[in-house]
Each structure stands twice: as structure tokens, then as C-alpha cells.
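> The structure is given below, and queries will be raised subsequently.
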Amino acid sequence: MSDGVVIVGTGVAGATAALALRSGGYDGAITLVGREPHLPYRRPTLSKDVLLAGMEVEKALLKPAAHWDEAGISIRTSVSATGGDTAAHTLELSDGSTLGYRSLVLATGGTPRHLAGLEPGPRVKYLREFADALALRDELGRAGSVIVLGAGLIGSEVASAAAKLGVKVTVVEPAPLPLARVVPPAVGERLGALQRGAGVELLLGVRPGEIGIDPEQVAVSLPGRGVLVADLLVVAVGSSADTGLAERLALRVDDGIVVDERYRSSAEDVYAIGDCARVPNPIEGGTYRAENWSAAQDQGTALAQVLLGGNPAPTVPWGWSNQFGAVLQFAGWPAADDALEVDGTVEPVEGGTFVARCSRDGSLVGAVAMGRPKELRAVRGELAEMITAAGVP
């Protein structure tokens with residue numbers, strides 16, 4: 001067994017854990033393992049700056065190469081973890097090498113859900129990694145029209161970037177409103193108005209039928225509505241936790257790697273954080289997966305405190321989305337059927353700002369806002385105080 005920490009995944013969760021361990025005084029070996037060829041970078045840039053401006057990876061890096069060297073953090077890029085032995089505390093890598101560890105952290109993130117028969121290619125794009133964003137950017141530069149399947153966060157941001165680039169955009173979404181799974185209907189109406197105001201054809205409550213791909217175009221059949229034809233198809237129908245390694249290590253998995261309040265998995269000295277982790281919900285009980293950048297960053301910091309022998313502060317998931325000239329902010333655990341207490345203007349009024357406090361069974365569970373960062377931070381603080389007062393670790 002090594003005396004070091006091995007972190008699988010070079011996204012923000014794993015990178016933050018490594019940096020926080022070192023800044024917190026940990027003096028053992030720290031190794032980051034990532035299958036992408038790049039050093040850790042800011043993933044939110046993929047659907048924003050990379051698509052709109054062709055940002056190079058060097059400008060998106062979390063830290064320059066010299067910083068990792070100076071911190072004594074080893075980064076193994078272009079290599080995957082293929083298996084291991086949790087009893088022996090060893091991890092096997094795709095290059096044939098083996099790493100020993102005292103603590104193993106899985107920060108493997110998520111993978112886009114693929115539609116059957118729709119593999120990535122010149123006419124079909126998914127978005128997860130830097131190479132995906134560059135390829136999509138190149139195709140958008142050549143395309144006159146694009147169909148986006150899905151009006152969630154990624155689909156909406158891709159549609160926003162494409163519209164700004166002058167591409168004709170059609171969004172197809174089976175739900176009645178954009179982001180229907182995570183925001184109340186009033187906010188979804190506001191988001192839909194933003195899309196249509198930018199010239200996007202937004203088809204809600206529509207489930208695509210047969211999809212045809214040829215070298216020149218894509219054709220999406222819409223039952224009862226005919227056929228949509230475009231130069232490019234972007235599939236943004238959600239993501240799944242990347243639990244392949246966890247399953248090979250025989251960890252407990254249930255739509256994510258199941259962990260406790262200290263991010264401990266079912267195997268000794270193995271932890272999980274970020275999009276791949278299913279963590280306890282300290283407000284409502286049960287578990288959840290926080291699929292956004294800020295929550296992953298917070299979990300990385302909290303895990304470092306755990307590994308350093310401390311007690312992490314309560315983490316409240318939060319995040320944002322830039323789309324169609326507006327910044328949507330969210331905190332906590334909002335859902336479509338929450339009761340709302342609104343300060344400001346949720347209605348589609350240009351420049352209108354709001355914060356909507358979300359309650360369930362009479363208790364605060366989160367908030368959604370536009371243009372009200374101070375109020376959103378206050379809700380985050382209130383939720384953290386509720387967790388502390390309840391004595392949740």
C-alpha cells in the first residue's frame with residue numbers, strides 16, 4: 001500500500017480535492033489520473049467560450065502546468081483506470097501500470113446519454129469533453145441549420161451559442177417547458193420566451209420519431225408534425241454517472257456511486273465525489289446527484305477536509321447557466337412542483353430580475369434566480385444554517 005492519494009478524474013471535483021489537500025497541509029503523494037490528454041480545465045467553457053469564440057484549451061486550464069509541478073501533484077493524462085483490488089489498495093491503469101494508494105477518490109464524472117443508433121459523427125454531435133466542443137464549433141461554423149434534441153441546461157446553452165453564431169436553430173423537447181425537471185413552470189416559461197426571442201424554433205411537448213442521417217443532412221421525424229431537416233444534429237438528452245470503474249471495483253452503485261455524508265463508498269478507503277457520486281440529501285433525506293460545476297468543486301473541497309481528518313462544512317449545491325443573454329442561477333434542490341415565493345419579475349419582461357424561493361411541504365428547499373446573485377447567496381447560507389441546526393454531518 002502506498003501512503004498517497006490517487007484521484008481518478010481530472011475534472012473540477014478531482015482537481016479541487018488535490019489542490020485543497022496540498023494547501024491544507026497534506027504532504028503525501030497525490031496522483032491525478034485522467035483519460036483526456038489535457039490538464040484539468042474549466043468544463044463550463046465548453047458550451048460557452050469554446051463554441052462562441054473557439055477558446056483554446058490553454059486558456060481554459062484551471063492552473064498552468066507549472067502550478068501542478070510546484071504543488072507536487074502528479075497528473076497522468078491520456079490514461080484510464082481499468083480496474084483494481086480494493087482489499088490490496090491497488091489500481092490498474094490502461095497503460096499496464098499499477099498504482100498503490102492509501103485513499104482512492106473516484107471523480108469520474110458523467111457521460112452524455114446516447115440515443116440508440118446515433119453515434120457521434122460529422123452530422124451528429126454530443127458534448128462532454130474539449131474535443132467534442134471543438135468539433136461542434138467547427139461544424140456550427142459550416143452549418144446553416146441545427147436541430148438540438150433536449151432543452152435542458154446543455155441543450156439550451158448549445159442552442160444559445162448556435163443562434164448567436166447565426167445558425168438557424170430548432171430545439172425539440174418532449175417536456176412541456178425548458179428545464180422542466182429542475183425549475184418551476186414560471187421559470188421555464190421565462191426561459192422559453194428567451195429562446196423564442198432569439199429566433200429559436202422551440203418545439204415543446206414533442207418526442208422525436210425516426211432519425212435519418214446521411215452525408216449531407218439529418219432528418220428528424222416528428223409524429224403528426226412532418227419531418228425536420230437540418231445540416232447538423234446535437235443530442236443533449238441528459239447524462240449518466242460514469243460508474244464503470246466503480247462497478248469493476250464492486251462498489252455499491254445506484255444511478256451513481258453511493259456514498260455517505262463523508263463521501264465514503266462501500267469499500268474501505270475509497271471515496272466518490274462530483275457528478276458520479278450519489279450523496280445524502282441533508283434537507284429532505286434520501287440521496288441525490290449534483291450534476292454541476294460548483295457542486296463538484298464544493299465536494300472536492302469537502303472531501304479534502306475529510307481526508308485531512310476534519311469535519312467539512314455543509315455543502316449546498318448551486319450553479320448557473322448562461323443562455324440567450326441571461327444568467328440563470330440556482331441553489332439547493334429546486335423542482336418543478338415547488339411552491340414559489342417570488343421577489344421581482346419572473347414574467348418574460350426584458351431586463352426583469354427575480355429570485356424565486358422554492359418550498360416543499362412548507363419548508364425551504366432551494367431558489368432559482370436571474371440577476372439576483374446576492375439574494376441567491378443568502379438562500380444558500382440559509383440552507384446551510386438549516387443543515388447545521390438539524391445536526392446533519
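The values are calculated or read from the model by the stated rules, or taken from the named source; none is laboratory data. Everything numeric in this text was worked out from a predicted model, so none of it was measured. When we count neighbours, we look across all protein chains shown, and the Cβ atoms used for this are built from the backbone with ideal geometry, even at glycine. Please note that ligands, DNA and RNA were not included when accessible areas were found on the heavy atoms of the full protein model with its side chains. Shrake-Rupley method; radii C 1.70, N 1.55, O 1.52, S 1.80 Å.
> Might you check whether a residue that is touching a Cys at 6+ places or on another chain (Cβ under 9 Å) and open to solvent by 60 Å² or more (accessible area, probe 1.4 Å) occurs anywhere in segment 355-369?
So in segment 355-369, the residues touching a Cys at 6+ places or on another chain (Cβ under 9 Å) come out as 364-368.
Okay, now just the ones that are also open to solvent by 60 Å² or more (accessible area, probe 1.4 Å), so none.
No.
> Out of the residues in segment 261-277 that are open to solvent by 40 Å² or more (accessible area, probe 1.4 Å) and within 26 Å of SER363 (Cα to Cα), state the one that is modelled with the lowest pLDDT.
Only one residue tops the list, namely GLU261.
> List the number of the failed condition for GLY226; all other conditions in (1) open to solvent by less than 60 Å² (accessible area, probe 1.4 Å); (2) in contact with a strand residue (DSSP E or B) (Cβ under 8 Å, 6 or more places away or on another chain); (3) farther than 30 Å from GLY84 by Cα; (4) not charged (D, E, K, R) hold.
Among (1) open to solvent by less than 60 Å² (accessible area, probe 1.4 Å); (2) in contact with a strand residue (DSSP E or B) (Cβ under 8 Å, 6 or more places away or on another chain); (3) farther than 30 Å from GLY84 by Cα; (4) not charged (D, E, K, R), GLY226 violates only (2).
> Among ARG76, ARG42, ARG35, which is the only one that is surrounded by 15 or more Cβ atoms within 10 Å (Cβ to Cβ), at pLDDT below 95, within 19 Å of GLY274 (Cβ to Cβ) and out of contact with any helix residue (DSSP H, G or I) (no Cβ under 7 Å at 6 or more places or on another chain)?
Going through ARG76, ARG42, ARG35 in turn, the sole match is ARG35.
> Collect the residues in segment 199-223 that are within 27 Å of PRO185 (Cα to Cα), open to solvent by 30 Å² or more (accessible area, probe 1.4 Å) and not in a strand (DSSP E or B), keeping them in residue-number order.
GLY199, GLY205, ARG207, PRO208, GLY209, PRO223
> Kindly indicate the residue of segment 152-170 that is open to solvent by 30 Å² or more (accessible area, probe 1.4 Å) and in a helix (DSSP H, G or I) and also nearest to ARG137 (Cα to Cα) among those meeting that condition.
The qualifying residue nearest to ARG137 (Cα to Cα) is LYS164.
> Hey, another quick one. Suppose we filter segment 336-350 for residues that are in contact (Cβ under 8 Å) with a residue 40 or more places away in the chain and either of a type in the set (Phe, Trp, Tyr) or open to solvent by 20 Å² or more (accessible area, probe 1.4 Å) (or both); how many remain?
6
> Quick one: which residue in GLU173, GLU189 is within 17 Å of ALA326 (Cα to Cα), in contact (Cβ under 8 Å) with a residue 12 or more places away in the chain, open to solvent by 20 Å² or more (accessible area, probe 1.4 Å) and of a type in the set (Asp, Glu)?
Every option except GLU189 fails the conditions.
Here is a yes/no grid of residues against (1) over 30 Å from GLY24 (Cβ atoms); (2) at pLDDT 90 or above:
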site	(1), (2)
LEU307	no, yes
PRO314	no, no
ASP338	yes, yes
GLU350	yes, no
CYS358	yes, yes
GLY362	yes, yes
VAL368	yes, yes
GLU385	no, yes
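> Filter segment 80-116 down to residues that are surrounded by 14 or more Cβ atoms within 10 Å (Cβ to Cβ), of a type in the set (Val, Ile, Thr) and in a strand (DSSP E or B) and give me whichever is farthest from the chain's Cα centre (by Cα).
For segment 80-116, the residue satisfying everything is THR90.
> Check ASP49 against each of (1) of a type outside the set (Lys, Arg); (2) open to solvent by 40 Å² or more (accessible area, probe 1.4 Å); (3) touching a Ser or Thr at 6+ places or on another chain (Cβ under 9 Å) and name the one condition it does not meet.
Of the numbered conditions (1) of a type outside the set (Lys, Arg); (2) open to solvent by 40 Å² or more (accessible area, probe 1.4 Å); (3) touching a Ser or Thr at 6+ places or on another chain (Cβ under 9 Å), the odd one out for ASP49 is (3).
> In the set ALA18, ALA29, ALA65, ALA53, which member is touching a strand residue (DSSP E or B) at 6+ places or on another chain (Cβ under 9 Å) and at pLDDT below 95? Give the steps one after another, and end with the answer.
Values: ALA18 fails: at pLDDT below 95; ALA29 fails: at pLDDT below 95; ALA53 fails: touching a strand residue (DSSP E or B) at 6+ places or on another chain (Cβ under 9 Å).
It is ALA65.
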